[in-house]
Every structure is written in C-alpha cells, then in structure tokens.
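Quick notes on the structure that follows.
Every number here is computed from the coordinates shown, using simple stated rules; none is lab data. Everything numeric here is computed off the predicted structure, so don't read it as measured data. FYI the Cβ positions are ideal-geometry reconstructions off the backbone, even for glycines, and counts take in every protein chain you see.
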Amino acid sequence: MFFDRENVIKHVKDGTKSALSKLGSYVRRTAKGLIRPGKKAAKPGNPPHSHAGQLKELIYFGYDEQTESMVVGPQLFKRRNPTVPDLLEHGGTTTDYRGRRATYRGNPFMLPALEKESAKAPSLFANAIHN
C-alpha cells in the first residue's frame, strides 16, 4: 500500500477545520444562551445581562486558515482600548463617550461557554478524519 502524504495532510486539515468549526458553533451558542435579558447589571462573576440585545447578537465564530485555529467571541462595538466585551469578560475601568469614568466588575460569558463545551472536543476530533 502506498502512503500518499499530501492526501493525508489534506484529510487532517479538513478534519481539524470541521472539528474546530463545530466546537466554535457550540461555544457561540452557549455564550449567547448565558446572556439573559435584564434592566439591572448582573452580579459580578455572573454572565452579563443584555439591556439592548446587541452583545448577544454580535457573537460570531470563524476558522482562520493561516493559523488553523478557531476564534469565537463578540464583534467589537467601538474601537476603544479596552473594548466593552473585554471589560465585560474581565472587568476593568475605562472612560465612556461623555468622558466619565466607568468601572466594570467582570461578568464572564465566553470563558464559561468554552469551559462547558470543551468536553466535546475529544469526540469531535476523534471522528474528524475520514478517507
């Protein structure tokens, strides 16, 4: 039997892309599900409440062909440093659009989603390569 190196590499890359895409989809779905509607701020350590619904609708995932990796998370709202999604996830202080200081206590939603869905990764990769 002849070993076709290029064919094996192609199947591994295709399987990796498929497994990571499925995992990205699961993490995205879970992260969106963690964000609940609410008028008040969520308690520190709990996922954020959605006041206007924007954060929940702007969570995407994508596969990067060059690095062969998956990126999952919210689209940037505005080009600030740090960004609002980053502040929600990790907490911190920034200046709002009126020049007032705003403090975020940290309401992670992406890391808990990844932790919840990471148990699926081994089975996704185990079945990823076909001939």
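Structure data summary
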{"read-out": "For the range 10-131: relative contact order, % (alpha-carbon pairs under 8 angstrom, 6 or more apart)", "value": "33 percent"}
{"read-out": "Net charge of neighbours whose Cβ lies under 12 Å from the Cβ of Arg105, counting Lys and Arg as +1 and Asp and Glu as -1", "value": "0"}
{"read-out": "Rg/Rh for the chain, where both radii come from Cα atoms and Rh is the Kirkwood radius", "value": "1.12"}
{"read-out": "Angle in degrees between helix 5-34 and the longest Cα principal axis of the chain, rounded to the nearest 10", "value": "30 degrees"}
{"read-out": "Over 28 Å between alpha carbons, listed pairs Lys39/Lys116; Lys40/Lys116; Lys17/Lys40; Lys56/Lys116; Lys10/Lys116", "value": "Lys17/Lys40; Lys10/Lys116"}
